[in-house]
1. Determine the relative contact order of segment 112-243: mean sequence separation of Cα pairs under 8 Å and six or more apart, normalised by residue count, in whole percent.
2. Given springs between every Cα pair under 10 Å in a Gaussian network model of the chain, which of Ile201, Ile109, Ile93 has the largest fluctuation?
3. I'd like the trypsin sites (Lys or Arg not before Pro) in segment 1-50 restricted to DSSP loop residues with at most 16 other Cβ atoms within 10 Å, sorted by number.
4. In segment 93-140, which chymotrypsin sites (Phe, Trp or Tyr not before Pro) fall in coil by DSSP and have 11 or fewer other Cβ atoms within 10 Å?
5. How far is it, in nm, from the label point at Ser151 to the one at Asn116 when both lie 7 Å from their Cα along the line to the Cβ?
6. Whenever you get a sec, line up Thr130, Thr94 from highest to lowest accessible area (probe 1.4 Å, protein heavy atoms).
7. Share of segment 112-243's accessible area from carbon and sulfur, percent, 1.4 Å?
8. Would you kindly enumerate the cysteines in the chain that have no other Cys beta-carbon under 4.7 Å from their beta-carbon?
Amino acid sequence: MAEVIRLRVKRQDGPGAAPYWEEFDIKYRANLNVIAMLQDIQQNPVNAKGQKTTPVVWGCNCLEEICGECAMVINGTPRQACSALVDKLTKPITVEPLSKFTIIRDLYIDRAKLFNALKKVNAWIPIDGTYDLGQGPKQPPAKADWMYKLSQCMTCGCCAESCPNYSDKSDFIGPAAISQVRLFMNHPTGQLHRDELVDNIMGNGGIADCGKSQNCVRVCPKEIPLTTSLADMNREALKRWFSRGLRF
Ligand code: SF4
Ligand code: SF4
Ligand code: FES
């Protein structure tokens, strides 16, 4: 008989509904990942008791750890389901939705809070795109390397999930948005808006809400140096605070 892997799924029928656990047995095959297990359930929604059930709902898109959409808590750790290989997970495997966001259904969450944080800090370079601007200014390779690392953030929410200071009740924008401010204020064009970008992470919900627990950097699937970004932006905020005459 083919080996089966037990998958425990924390389910919820809608926002605010009571959560419940349901177990599934999935046929093992080489290179199986958590997304493929969920796809199996989608095709044949029968639980481990042999009862017909509703298909489990989750989000995914790229299937190669780029879009951030499939973040969930797997065996207690926030991470991407598409890169979670069954061979490397302890069994039974447990999957839960990220707890810091509104649950739309089952493992599918509303990540709007993460994108709203990027809007709040203006995480972009304002340029006039109506004509060809030509090549941008060249950057030293070492700087381009660390900036490229920061640019790999996929707004997945794993860092926010692990952060004790981030919740649906707090205004804290979280480490990902702060790290993006560091990226854009170091961009040759973004430097023109340096003060404004730093101002955006000062005040309510900003960098001062970080408790420096360093949970975030440990779970980032892209290995973004979040604590370096947080320390750097703390220094920038302090400098700005002095330049503004000690006013927030
Ligand atoms: S270092 Fe700051 S942002 Fe990171 S987990 Fe701790 S409190 Fe949250
Ligand atoms: S910093 Fe890392 S963990 Fe946080 S949202 Fe970006 S990719 Fe995800
Ligand atoms: S599906 Fe895009 S990160 Fe997993």
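1. Details: 144 pairs, mean separation 39.8, N = 132.
Averaging sequence separation for qualifying contacts and normalising by length gives 30 percent for segment 112-243.
2. Highest fluctuation of the listed residues: Ile93.
3. Values: sites: Arg6, Arg8, Lys10, Arg11, Lys27, Arg29, Lys49; in loops: Arg29, Lys49.
The qualifying sites are Arg29, Lys49.
4. Details: sites: Phe101, Tyr108, Phe115, Trp124, Tyr131; in loops: Phe101, Trp124, Tyr131.
Qualifying residues, ordered by number: Tyr131.
5. Placing both labels 7 Å beyond Cα along the Cβ direction yields 2.9 nm.
6. Details: Thr130 120, Thr94 25 Å².
Ranking Thr130, Thr94 by accessible area, largest first, yields Thr130, Thr94.
7. On the way: 3770 of 6950 Å².
Here carbon and sulfur together make up 54 percent of the probe-accessible area.
8. Within the chain, the cysteines lacking a partner Cβ under 4.7 Å are Cys82, Cys153, Cys156, Cys158, Cys163, Cys210, Cys220.
The values are calculated or read from the model by the stated rules, or taken from the named source; none is laboratory data. These numbers come from a predicted model, not from an experiment. Every residue, glycine as well, gets a Cβ built from its backbone with ideal geometry; the counts of neighbours run over all protein chains shown. For the accessible areas, the whole protein counts, side chains as well, though only heavy atoms, and no ligand, DNA or RNA atoms are used. Shrake-Rupley method; radii C 1.70, N 1.55, O 1.52, S 1.80 Å.
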